[in-house]
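**Q** Let me begin by handing over the structure; questions about it come next.
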Amino acid sequence: MAHWKRKMAALAAICALALPGGQIAPAQEAKGAGQDNYVFKANAELVLTNVVVRDAKTGEFVRGLKQSDFKVLENGKPQQISTFDFQSVDMATPLKEATVMGLAAGVNGPGTKAAVVAKPEDLLNHRLIVMFFDLTSMQPEDVDRCVKAARDFLTNKMQPADLVALVSLDQTLKVDQDFTSDKTALANEVGIYNGTEGQGFAEGATANSNQVEDTTGYTPDESEYNDLNTDRELFALRAISKSLERITEKKSLLYFSGGVSRDGIENQASLRAAINSAVRANLSIYSVDTRGLQAISPLGDASTGSTRGSGAFNGAALANNMSANFATQEVMATLSSDTGGKAFFDSNDFAPAFAQVQRDTSAYYAIGFHSSNPARDGKYRKLTIKINRPGMKLEYRPGYYAPADFKHAGREDRERELEEELASDLPATDVAVYLDAMYFRLDENRFFVPVSLIVPGSQIPFVKGGDKDKATLDIIGEVIDEVKRPIGSARETVKLNLDPALQARQKNIEYTTSFNLPPGKYHLKFVVRENQTGRMGSFEADITLPDMKKQPLKMSSIVLASTRQASKKTSPLVRAGEEYIPNISHVFRQNQHLYLLYEVYGPTKEKLAQGQPKGTKAGIDVLSSLELIQGSTKVYETPLVQAKAVNVEGRDAVAVELDVPLKGLKPGSYVCQLNVIDDAGGSFAFPRFAVLVREPAANATPTVPASAASGSGAVGTK
């Protein structure tokens, strides 16, 4: 869980790339992998693949072909071509002005650039190139090298059909220049990466490193640090891809990086997500290792201490160093090969990378078809494209992964979906969720914060399992402080195994967890997913834990409950062996009781009368009652409850419990006023809240205890 929290904190700043025409792409459901140089795009209905046709002898591109000249097969079965188009940069209409959205920061601050928007049809036959500078992985000399190459391309080799965008990853993912054909603007903007911009996050040492600083003889294993950096870089690539999905033209991304490390199967889910997002967006990644040609010495370099033992003399150290270098290039090579691009390693000349991008996107046929296989199983489907003319060589992607529904998604993909929804600024509304949080003081600088969520049983697709109604819920949540730091987190899979007699579909399923937090203001967000269809719902709330030193009457939250169940927990919600299950909806039945619990902290001591024996402890005098008001009429009031002594040892608190039988009340809405008076201190409070009383439910059944579900949080039905 701690590992997950660190990942989420590091990825919270990732933003989306602005597009010409102001289009932001929605997520689509397709996956892909393969080799060669050309990409496909798949969505719920249409599969697009780019095909380059060359003369087998001369290698020249063949023009003038028609839809009837092509035949598409998927897993050996013929497919009907639905869309056919030919695109060539030679037919591009030059844009008279820069294609800029005005969203990039620029050298003069946000919004200072022209806001000239190109229409989607204006992008036809244009070459769309994104230059992505991963400053977190590059040292200053690497940045200088790639900036020089980029400037040379922009100044001397950029063609009128080219539209280029600049993106960088440093502390955050930034769009430094939106798509534009303005060479001067691009050349000026790329220059900001020089000098101190490239600090580089040095790769951490691992237990297998033999080039480490020789200070204590101990090699710290910083693999988790490297995994976090890699996830951050891959999620940045995924964010860029997602923002480009709706632009159907072929797009290219030049990825300038000083190497990306991966430890075994770690980062596998992030890598696959980045590749699949690029494939869905018809985006080819061209990776460029900005370290250039490196001389790897068996003795290491001046940045680390010398090696120990015989490794420097028997070749083991050199082999280890070379393996480490190859490992940092492996992820970049995978990104390129699986998205239809190419990787450029071990060269100080970056010009071939730019030339390859221009060559691969100069001209191509875009073929689209609706698959005759409707299954959303996520399986790989082999594509075969044939042409009815002899002497032709076809270049295309040999297959794609079909869209996968929730049932066919893997465990890592499902977990990633939860984390993404938790990090999203938009709420999930497919499942109704309601949340409430309360607080009880544990000491002067710490509060116990119980959090309760309810989900209507009608929203959960229960399935029959023997003589039980079964369902599984995934719950994830976090608490963030005022400066957006994650302070607490929760992650549980709750398995419901309920008796059909409980009629759970007609009730609310309640889940309760808790946090220990210091005073302050916090933001809570929880996401609930039912694991039959994958639908999700989320709820967010703010809570303020007060500094009670400044309050004359120090009170906890007021807990309303219709159920108390036996519990051996040590919690402010447990009194005399019974735990209050918060009723956060404030809806009660006439055949239930309204149980109320709250605490008063540090009540004022009464003055001792003269003549009291030495050692006599001063008492307290806290008075409580509850009034129920309907309209302007008080219809019920509980007897006065008087506390003369502290009853919560160790916390200097008085716990007050009230019990209101609702049998004599008519159905309807009521306003409840709680009267709390500290008579010895002369302080008081009269908080109000609303409740709704309904008629008894037919075939009423008791609340399900927490043991009906697996998981550490309390679960029940109401």
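**Q** Express the accessible area of segment 356-462 per residue in Å², computed with a 1.4 Å probe while the remaining protein chains stay in the model.
**A** 46 Å²
**Q** If you don't mind, there's one more thing I want to ask. Taking all protein chains in place and a 1.4 Å probe, what share, in percent, of the accessible surface of segment 426-471 do carbon and sulfur account for?
**A** Here carbon and sulfur together make up 49 percent of the probe-accessible area.
**Q** So, one more: Using a 10 Å cut-off on Cβ atoms, rank the peptides 434-442, 55-63 from the highest mean neighbour count down.
**A** Sorting 434-442, 55-63 by mean packing, highest first, produces 434-442, 55-63.
**Q** Right, something else. In nanometres, what is the gap between the two model label sites at Ala501 and Thr633, each 7 Å from Cα along Cα-to-Cβ?
**A** Result: 4.0 nm between the two label points.
**Q** Using r as the Cβ-Cβ distance of Ser571 and Asp652, and R0 as 22 Å, what FRET efficiency do you calculate, to the nearest 0.05?
**A** For R0 = 22 Å, the calculated efficiency reads 0.80.
**Q** Name the shape class, rounded, prolate or oblate, that the alpha-carbon gyration tensor gives for segment 317-409, where a ≥ b ≥ c are the square roots of its eigenvalues, rounded holds for a/c under 1.5, and otherwise prolate holds if a/b is larger than b/c and oblate otherwise.
**A** Because a/c hits 1.5 or more and a/b fails to exceed b/c, segment 317-409 counts as oblate.
**Q** Given a Förster radius of 25 Å and the C-beta distance between Leu46 and Gln532 as r, what FRET efficiency does 1/(1 + (r/R0)^6) yield to the nearest 0.05?
**A** 0.35
**Q** Mind ranking Val671, Val656 by accessible surface for me, highest first, 1.4 Å probe?
**A** Val671, Val656
**Q** Okay, moving on. Please work out whether segment 347-482 counts as rounded, prolate or oblate from its C-alpha gyration tensor, where a ≥ b ≥ c are the square roots of the eigenvalues and a/c under 1.5 means rounded, while otherwise a/b larger than b/c means prolate and anything else oblate?
**A** Oblate shape, in that a/c is at least 1.5 and b/c is the bigger or equal ratio.
**Q** Please compute the per residue accessible area over segment 595-706 with all protein chains in place, 1.4 Å probe, rounded to a whole number of Å².
**A** Ligands and nucleic acids excluded, the figure is 55 Å² per residue.
**Q** Subtract the Cα-Cα distance of Asn445 and Lys470 from 0.36 nm times their separation in residues, and report this length gain in nm to one decimal.
**A** 4.8 nm
**Q** Right, next: Taking R0 as 25 Å, what's the FRET efficiency between Phe689 and Gln551 from their Cβ-Cβ distance, rounded to 0.05?
**A** Efficiency for this residue pair is about 0.85.
**Q** Measuring from label point to label point, each 7 Å out along Cα→Cβ, what is the Ala609 to Val641 span in nm?
**A** 2.8 nm
**Q** List the GluC sites (Glu not before Pro) within segment 478-519 that DSSP assigns to loop and that have no more than 12 neighbouring Cβ atoms inside 10 Å.
**A** Listed in order of number, the matching sites are Glu482.
**Q** Rounded, prolate or oblate: which one fits segment 382-456, using the alpha carbon gyration tensor with axes a ≥ b ≥ c (rounded when a/c is under 1.5, else prolate when a/b beats b/c, else oblate)?
**A** Since a/c reaches 1.5 and a/b is larger than b/c, the shape of segment 382-456 is classed as prolate.
The values are calculated or read from the model by the stated rules, or taken from the named source; none is laboratory data. This one's a predicted model, so the numbers in the text were calculated from it and none came from an experiment. All Cβ positions, even for glycine, are placed from backbone atoms using ideal geometry, and neighbour counts span all protein chains on display. SASA here: full protein model, heavy atoms, side chains in, ligands and nucleic acids out. Shrake-Rupley method; radii C 1.70, N 1.55, O 1.52, S 1.80 Å.
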